[in-house]
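K.L.:
Supplied in structure tokens, the structure appears directly below.
The values are calculated or read from the model by the stated rules, or taken from the named source; none is laboratory data. Owing to the predicted nature of the structure, the values given are computational and were not obtained by experimental measurement. So basically every Cβ, Gly included, is an ideal-geometry build from the backbone, and we count neighbours across all protein chains shown.
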Amino acid sequence: MLEVREVSKRFDALAALQGVSLTVGRGQIVGLIGPNGSGKSTLFDIISGFQAADRGAIDFEGMPILGKPSHAIAHLGLMRTFQLSEGGQRLTAVENLLASAQGQLEANLVAAVLRLPQVLATERENLARAKEVLALLGLSHVANEYVSYLSGGQRKLIDLGRMFMAKPKLCLLDEPTAGVNPTLINVILEALKRLRDEQGITLLIVEHNMEVISEVCEKVYVLDAGTLISEGSPEAIQADERVLASYLGRARSAEE
């Protein structure tokens, strides 16, 4: 579904990515890990059209997308979240979800006026869907709260709620559990599985929490200093000496 081939990116003297290649199959949940500064977010930016690569190629469902603007890539069905979950700060939780629904007729004023009954019917359907998603995520009690008042974990759940509403084909999730308390992490894990199993959304996830990676990912890629150093199952990754030396060993030392 997604194929990244030999993508490289430099920032002056810094080689952020050096010939990185990876694939994501339809219906998979794939992890991307590595130490801070390894190039994970830069790769996400390039795949989703927020930055340009120096060289390489990226295909989404067989279509070249490298160099396309971010909105065009999103319209193809490839969307992303960001490390810092902001959302519509001056919108309520339910309004954030409603804003993510695709194909809204009221986006075109003339069409909205001429097809008012259909617009109203679509709005009712979207509102019912948004309430359903909030209930699924355990957020019904904050449906009418402004996002600016929600906790970091609740904002992460709102990010996932927007994915449920937008129904992309593939979503890039940038650290969906960062800064989230353990109780909400379990809710997020269940939501990730539902996104794949019930909504048919393929996921590529940047995550530092290896327990999360082991729980939901069937395949993992490891970046270090802009270079892909390993790939395989979570079990294989955790036994790889290169990964232990460059990433997992550091993470465990930091925890100790």
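K.L.:
Filter the stretch 172-219 down to the residues that are within 16 Å of Ser41 (Cβ to Cβ), within 13 Å of the chain's Cα centre (by Cα) and either of a type in the set (D, E, K, R) or assigned to a loop (DSSP other than H, G, I, E, B) (or both) and list them by number.
P.N.:
Result: Asp174, Glu175, Pro176, Thr177, Ala178, Glu207.
K.L.:
Evaluate the stretch 47-62: report whether one residue or more is under 19 Å from Cys171 (Cα atoms) and assigned to a helix (DSSP H, G or I).
P.N.:
Looking for residues that are under 19 Å from Cys171 (Cα atoms) and assigned to a helix (DSSP H, G or I), one finds at least one in the stretch 47-62, hence yes.
K.L.:
So Pro69 ticks every box in (1) touching a strand residue (DSSP E or B) at 6+ places or on another chain (Cβ under 9 Å); (2) in contact (Cβ under 8 Å) with a residue 12 or more places away in the chain but one. Which box is left unticked?
P.N.:
Against the list (1) touching a strand residue (DSSP E or B) at 6+ places or on another chain (Cβ under 9 Å); (2) in contact (Cβ under 8 Å) with a residue 12 or more places away in the chain, Pro69 comes up short only on (1).
K.L.:
Within the stretch 1-48, take every residue that is more than 17 Å from Ile205 (Cβ to Cβ) and hydroxyl-bearing (Ser, Thr, Tyr) and give me the one that is farthest from the chain's Cα centre (by Cα).
P.N.:
Initial filter on the stretch 1-48 (more than 17 Å from Ile205 (Cβ to Cβ)): 3, 5-19, 21, 37.
From the residues that got through so far, the ones that are hydroxyl-bearing (Ser, Thr, Tyr) too are 8, 21.
Working: Ser8: 21, Ser21: 19 Å.
My answer is Ser8.
K.L.:
Could you list, ordered by first residue, the pairs with Cβ atoms under 6 Å in which the first is in the stretch 76-97 and over 17 Å from Lys167 (Cα atoms) and the second is at pLDDT below 90 and surrounded by fewer than 17 Cβ atoms within 10 Å (Cβ to Cβ), at least 6 apart or interchain?
P.N.:
Partner pairs satisfying both residue conditions: Gln89/Ser148.
K.L.:
Give the residues of the stretch 49-60 that are under 18 Å from the mean Cα position of the chain (by Cα) and not β-branched (Val, Ile, Thr), sorted by residue number.
P.N.:
If the condition is that a residue be under 18 Å from the mean Cα position of the chain (by Cα) and not β-branched (Val, Ile, Thr), then Gly49, Phe50, Gln51, Asp59, Phe60 are the ones that fit.
K.L.:
I would also like to ask the following. Here are some conditions: (1) crowded, with 22+ Cβ neighbours inside 10 Å; (2) farther than 14 Å from Thr81 by Cα; (3) modelled with pLDDT under 90. Leu223 meets all but one. Which one does it not meet?
P.N.:
Exception for Leu223: condition (3).
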